[in-house]
Amino acid sequence: MRGAVAGAGTVIVGGGTAGCVLAARLSADPEHTVCLLEAGPVWGSAAELPADLRLAGRMPIGPESPWVWRYPVRLADGPVRGNIVRGRVIGGSGAINGGYFVRALATDFAAWGRECPEWAFEAVLPGYQQIERDLDYGEFPGHGSSGPIPVRRAVDPVPVSVEFATAALAAGFPEIPDLNALPEAIPETGVGPVPCNVDSGMRAGSATEYLLPALTRPNLTVHGSTMVTRIRFRGTRAVGVDYVRDGQSGTIAADRIVLCAGAVESAALLLRSGVGPPEQLRTLGIPVVGPAPVGAWCTDHPEIGIDYRGAATPVADTVALEYSLFLDDVEIRPYAVRFGPDPKVRRLGVALMRPHSAGELRLVSADPRVPPSIEYRYLAAEYDRERFRAAVGVATELLRAIPGAAVPDQQPDNSWLRANLGTSQHLSGTCRMGPAFDESAVVDQRFRVHGLTGLAVADLSVVPVPLSRGPQATVLMIAEQAGRLLERV
């Protein structure tokens, strides 16, 4: 396909967790034309999805997976490198992840809402409620019982999960039966079952529950295997996108473009299109359309993995994480799945949820086939190193209280932390939300890119603070808010 194709009222770039929700919500208005472009494959119904994308006990992110983007990253100064993956398939990372579906805390939104009042907890709670059909607590205050996404906790947790939760309770940590309860019912410290967007062993994400049921709408068009390479502008107004599909290029005109491609690809697309730090763009030969601090700040959840030995663990058809222990800004995760071939080796994750260290994403080439540079700069702040040392000590003591667990001696000094450092793969903040006077902000609190017209970003890249919980539920809430806040065109 070459040349221009028919335009749309709104073109949404990225059919991931946020894009599927937003496409479904905007196209609910029959007078509004919506075109969704997804770089990965798209299917016509949930029944057509491959088993790896439907079964909640599978996380198809290994080297052989065809459903992911892969990015090299530097986790910390020196040779501490790694790789991250993001979903490249309809449903995005929500189609390949572990099903963790815990809301961010009210304290996160207190920080978010200081300069963005429409993002205080009271303002976003209806969005969370609108998403969910909580099969355990749906009738309780603050919950939803009729939303698209089924949410439930493990009914029959595997022994690894039970052993850890028992040890945590015996150590005096309080139980938190509902991690998505209203703020007054969630203590800063405690252990509880992880809410998951899973029903009858099946992953229930934004593609299967929002987008695919809407495909019969005549005003909604979805194109898979379509890589958007650049946003087109007329002056400072976004007027369309260039794309490549099946090796051929084309252009789609639009009244408005909304980027929902995630913290990496939304930022990279803005930069390639001339929206970003002028010096960086000029160095790459990219004409500057609008100066903006795209990629200048980002955050994630650094994670230390502790491997230990126990009784042989059978391969379980379960979600990756059934229980978690929270120590204020630390989450300790007894993974219910194996991370290697040895059935006696288990892994405990220790994640810092509100790190003080922050990273940066930079474009290194105008060629869309070249991934951006992602520098996490984990452990740069002394606070982060101190919190990890203390949390690893707590985690080790809990493991030693589990009968039959063989835990190696840990001396969590700086070199040990760096040697065992990983990431939770929750990158956010590359297109931070904030008011126009905030020099670190890319979009306003209604998702519109500052200084430009007809262009918005609505995904995890806009989050301006570290989130105290994993992001999936919050990304869906963000998309619900976008469906409400973005003006009709």
Open item on the list: Kindly evaluate ALA181 against the criterion of being crowded, with 17+ Cβ neighbours inside 10 Å, touching a residue at least 60 places away in the same chain (Cβ under 8 Å) and not in a strand (DSSP E or B).
Closed with: no
TODO: Just name the residue that is nearest to VAL42 (Cα to Cα) out of those in segment 80-90 that are out of contact with any helix residue (DSSP H, G or I) (no Cβ under 7 Å at 6 or more places or on another chain) and in a strand (DSSP E or B).
DONE: VAL85
Open item on the list: Being over 22 Å from GLY15 (Cα atoms), of a type outside the set (Lys, Arg), touching a strand residue (DSSP E or B) at 6+ places or on another chain (Cβ under 6 Å) and part of a loop (DSSP other than H, G, I, E, B) is true for just one of LEU379, LEU399. Which residue is that?
Closed with: LEU379
- [ ] Only residues that are hydrophobic (A, V, I, L, M, F, W, C), buried (at least 23 other Cβ atoms within 10 Å of the Cβ) and either touching a Gly at 6+ places or on another chain (Cβ under 8 Å) or without any contact (Cβ under 8 Å) to a residue 12 or more places away in the chain (or both): list them for segment 194-221, please.
- [x] CYS196, VAL198, ALA207, LEU211, LEU212
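Quick one: in segment 188-224, which of the residues that are in a loop (DSSP other than H, G, I, E, B), over 21 Å from the mean Cα position of the chain (by Cα) and modelled with pLDDT of 95 or more is nearest to GLY40 (Cα to Cα)?
Checked segment 188-224; the qualifying residue nearest to GLY40 (Cα to Cα) is LEU215.
Considering only residues of segment 368-382 that are farther than 14 Å from ALA351 by Cα and of a type in the set (Ser, Thr, Tyr), which is surrounded by the most Cβ atoms within 10 Å (Cβ to Cβ)? Spell out the reasoning first.
If we filter segment 368-382 for residues that are farther than 14 Å from ALA351 by Cα, which is where we start, we get 368-377, 380-382.
When the remaining residues are screened for being of a type in the set (Ser, Thr, Tyr), the result is 373, 376.
Details: SER373: 16, TYR376: 28.
Within segment 368-382, the match that is surrounded by the most Cβ atoms within 10 Å (Cβ to Cβ) is TYR376.
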- [ ] Could you please find all residues in segment 291-319 being out of contact with any helix residue (DSSP H, G or I) (no Cβ under 9 Å at 6 or more places or on another chain), in contact (Cβ under 8 Å) with a residue 40 or more places away in the chain and surrounded by fewer than 20 Cβ atoms within 10 Å (Cβ to Cβ)?
- [x] PRO293, TRP297, GLY305, ASP307, ARG309, ASP317
TODO: Could you check, for segment 171-181, whether at least one of its residues is at pLDDT 95 or above and within 19 Å of SER266 (Cβ to Cβ)?
DONE: no
Task: Number of positions in segment 124-146 that are surrounded by fewer than 16 Cβ atoms within 10 Å (Cβ to Cβ) and either over 12 Å from ASN180 (Cα atoms) or within 21 Å of the chain's Cα centre (by Cα) (or both) - done: 5
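The values are calculated or read from the model by the stated rules, or taken from the named source; none is laboratory data. Just so you know, these numbers come straight off a predicted model, no measurement behind them. Because the Cβ atoms are built from the backbone with ideal geometry, glycine has one as well, and the counts that use them run over all protein chains shown.
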